[in-house]
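The values are calculated or read from the model by the stated rules, or taken from the named source; none is laboratory data. Just so we're clear, the structure is a prediction, and the values are computed from it rather than from any experiment. Don't worry about glycine lacking a Cβ; one is built from the backbone with ideal geometry, like all the others, and counts go over all protein chains shown.
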Amino acid sequence: MSTTSLEAPATTPAFQQVSLARKVKNGFATTLVWFSFVIAVVPLVWVLYTVVVNGIKRLPYSNWWTEDFGDVLSDEVGGGVVHAIIGSLLQGLVCAIIAVPIGMLVAIYLVEYGRGKLARATTFMVDILSGVPSIVAALFIYALWITTLGLPRSGFAVSLSLVLLMIPVVVRSSEEMLRIVPDDLREASYALGVPKWKTIMKIVVPTALSGIVGGVMMALARVMGETAPLLVLVGYSAYTNWDIFHGEQAALPLLMNNERVSNPMDPGSVGFDRIWGAALTLVLIIALINLLATVFARLVAPKKK
Amino acid sequence: MSESSSTRTPTGDPGGRSSSVTTPPEVPISEQPASTAAPQPPASEKPKKVRPGDRIFQNLTTGAGIFVVGLIGLIGLFLLIQAIPALKANKADFLTNHGWSTSDPANMAFGILDLLEVTVATSLVALVIAMPVSLGIALFLTQYAPPRLARPFAYVIDLLAAVPSIIFGLWGILVFAPTIEPFAQWINETFSWFPLLAPGNVAPSVRGTIFTAGIVLAVMILPIITSLSREVFERTPTPHIEGALALGATRWEVIRTTVLPFGKAGYVGASMLGLGRALGETIALAVILLIPQGKNFDWSLFDGGATFASKIAANYSEFNNEVSAGAYIAAGLVLFVLTFLVNFAARAVIGKKGE
């Protein structure tokens with residue numbers, strides 16, 4: 001006891017010995033932090049549970065996957081969602097065909113060429129673009145495609161608006177992947193006299209491909225769940241429509257919204273089953289795309305020694 | 001032959017390989033262009049020959065970059081052009097009028113005040129709920145969760161972002177709202193003297209209210225705020241943490257003295273990104289919010305109403321003539337400007353931290 005005064009520090013230590021108050025505070029914080037994680041998991045589990053329990057009723061029937069609602073009354077049991085699946089996949093595919101090349105070129109520009117003001121502006125605009133609400137993207141395509149160019153509402157217009165939402169996601173993920181390609185690879189290629197563009201296309205992009213594809217698939221899954229552009233840019237059709245440029249075309253989110261508006265949503269009613277069936281189908285498709293992304297990423301991943 | 005000079009300039013990192021070897025893990029993801037100023041292409045003695053393939057490819061990628069930069073301007077421009085005729089035909093003041101009647105193109109009177117108020121109210125409710133929770137989750141994932149489980153846990157949170165918003169909307173109104181109805185009712189009755197919790201304009205229903213919508217919206221913006229905050233918290237310098245631990249700090253004190261000060265700007269920026277997302281959320285709110293009959297928003301959380309986005313989505317059937325559509329496009333333009341400003345501010349806050 002008496003020795004302590006000799007070696008007392010010049011200033012009081014920042015942290016006193018662990019008093020009860022500090023222990024309580026620490027324990028309280030720990031509890032809160034764990035609790036907040038649980039709070040976030042609850043709605044996720046709850047939503048997925050709701051979708052599965054309510055949606056599973058119609059899915060086992062084969063006509064759910066092979067027929068459309070065209071010849072079924074709105075309150076009649078039967079029919080399927082194949083028209084909406086086709087619409088969703090077509091619109092998503094066309095969107096990806098347009099958005100992926102643009103997004104990757106932007107990412108390559110940012111990583112390999114981008115210097116100075118334009119590169120900064122591009123990074124900034126990609127950030128802004130990723131914050132543009134889907135309804136604004138839809139209105140933009142409406143203003144451009146339908147009122148200015150006078151073209152009809154179609155699945156293709158939806159694809160165009162989805163492109164706006166997909167580009168920033170593709171750019172971000174591709175950019176991240178391209179940046180972690182080691183410079184050694186590039187330099188080895190240059191040393192062999194390979195032109196820069198060939199180096200990028202044959203060395204850099206293939207090396208990063210697994211990550212890029214993963215990012216693209218995630219982006220695709222995200223835009224396929226969008227509803228707002230569908231409302232503004234295409235009409236719902238209960239019949240299967242393979243033509244993305246003409247006529248009305250269904251998509252899973254649009255089908256859900258259509259049933260929501262036109263049918264009473266009492267549990268057990270036809271509309272209720274359809275909505276949740278379509279929701280489960282959509283969730284399954286999104287999960288499948290994500291799964292494919294993971295599998296594909298494994299397959300094309302550069303071999304490690 | 002001419003490659004000898006080009007081997008150095010085209011690499012991803014202008015600092016050259018030897019200096020870059022030490023730094024890569026520290027480079028902030030959002031701050032890449034910080035390193036742009038450095039390289040003057042080495043003054044080559046003879047003019048360098050550029051291969052046509054290289055020139056084409058560079059122009060192509062640069063063109064894509066310019067396209068993206070131009071896109072934002074185009075969005076604003078086209079929305080503005082389409083909005084002007086409707087704004088000219090508008091018989092009410094666009095900025096201060098509460099009502100919205102556009103079904104008759106010859107006799108339109110619409111204003112955005114009500115939409116703006118409901119949009120801000122829902123987003124703020126969502127933000128007030130989501131901010132502390134996602135702070136907790138981000139801390140949990142970076143500081144508390146067992147390292148082996150941190151990744152799968154983070155994936156679980158990201159899954160929330162993968163759920164389509166229409167499913168959130170349907171779940172919100174069909175499942176969640178009935179479940180919390182007794183609780184909402186109780187709050188509404190007990191605290192009805194408090195203006196924010198007064199009986200709403202869609203009473204007696206307390207289901208399709210800003211209260212419900214705000215909670216569902218909070219769940220939807222959780223993953224955005226969490227993932228960005230987590231990214232920032234992860235970059236807290238280890239020496240800071242170890243220093244605090246060495247001084248005998250408890251875990252909470254470590255966080256309070258190192259992680260939080262370091263990550264504050266990132267967290268604020270992330271929350272603003274979440275706000276931007278909340279402002280623009282469309283279909284979930286269109287599904288949940290009840291539209292009051294002939295009543296305006298009256299600053300109660302138990303009011304119904306429509307946000308910019310949900311108003312547009314709910315009235316897509318009016319997109320049959322250009323003038324009516326123009327009114328909604330004008331509302332969309334305001335929403336675009338609003339989200340642009342919020343995102344701009346968010347990026348500025350995050351960017352400043354990175355330097």
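Below are the figures for this structure:
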| item | result |
| --- | --- |
| Some residue of the range B:73-85 being without any contact (Cβ under 8 Å) to a residue 12 or more places away in the chain, more than 10 Å from chain A (Cβ to nearest Cβ) and more than 30 Å from A:Ala107 (Cβ to Cβ) | no |
| The range A:230-241, residues that are touching a Leu at 6+ places or on another chain (Cβ under 6 Å) and surrounded by 23 or more Cβ atoms within 10 Å (Cβ to Cβ) | A:Leu230 |
| Residues of the range B:299-355 that turn out to be aromatic (Phe, Trp, Tyr), touching a Ser or Thr at 6+ places or on another chain (Cβ under 9 Å) and at the interface with chain A (Cβ under 10 Å from one of its Cβ atoms), as a count | 2 |
| Residue match in the range B:124-131 (condition: assigned to a loop (DSSP other than H, G, I, E, B) and out of contact with any strand residue (DSSP E or B) (no Cβ under 6 Å at 6 or more places or on another chain)) | no |
| Residue among B:Ala314, B:Ala265, B:Ala270, B:Ala284 that is aliphatic (A, V, I, L, M), free of Cβ contacts under 8 Å to residues at least 60 places away in the same chain and farther than 23 Å from B:Gly76 by Cβ | B:Ala314 |
| Single condition B:Thr179 does not satisfy, out of (1) within 14 Å of chain A (Cβ to nearest Cβ); (2) polar (S, T, N, Q); (3) in contact (Cβ under 8 Å) with a residue 12 or more places away in the chain | (3) |
| Residue match in the range A:242-249 (condition: surrounded by 19 or more Cβ atoms within 10 Å (Cβ to Cβ) and facing chain B (nearest Cβ under 8 Å)) | no |
| Among residues of the range B:203-227, those that are part of a helix (DSSP H, G or I), surrounded by fewer than 24 Cβ atoms within 10 Å (Cβ to Cβ) and polar (S, T, N, Q), counted | 1 |
| B:Pro152 vs. criteria within 8 Å of chain A (Cβ to nearest Cβ), within 26 Å of the chain's Cα centre (by Cα) and without any contact (Cβ under 8 Å) to a residue 40 or more places away in the chain | no |
| Evaluation of A:Val136 against (1) surrounded by fewer than 24 Cβ atoms within 10 Å (Cβ to Cβ); (2) under 19 Å from B:Ile75 (Cβ atoms) (one fails), failing number | (1) |
| Odd one out for B:Val334 among (1) part of a loop (DSSP other than H, G, I, E, B); (2) within 27 Å of A:Ala137 (Cβ to Cβ) | (1) |
| Unique residue being farther than 30 Å from B:Gly326 by Cβ and surrounded by 24 or more Cβ atoms within 10 Å (Cβ to Cβ) when the list is A:Gly155, A:Gly215, A:Gly211 | A:Gly215 |
| A:Gly79 at positive phi and either at pLDDT 90 or above or not acidic (Asp, Glu) (or both) | yes |
| Residue in the range A:283-292 that is assigned to a loop (DSSP other than H, G, I, E, B), modelled with pLDDT of 90 or more and more than 9 Å from every other protein chain (Cβ to nearest Cβ) present | no |
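Here is a yes/no grid of residues against (1) of a type in the set (Lys, Arg); (2) farther than 30 Å from B:Val334 by Cα; (3) modelled with pLDDT under 85:
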position	(1), (2), (3)
B:Thr36	no, yes, yes
B:Lys46	yes, yes, yes
B:Gly63	no, no, no
B:Leu95	no, no, no
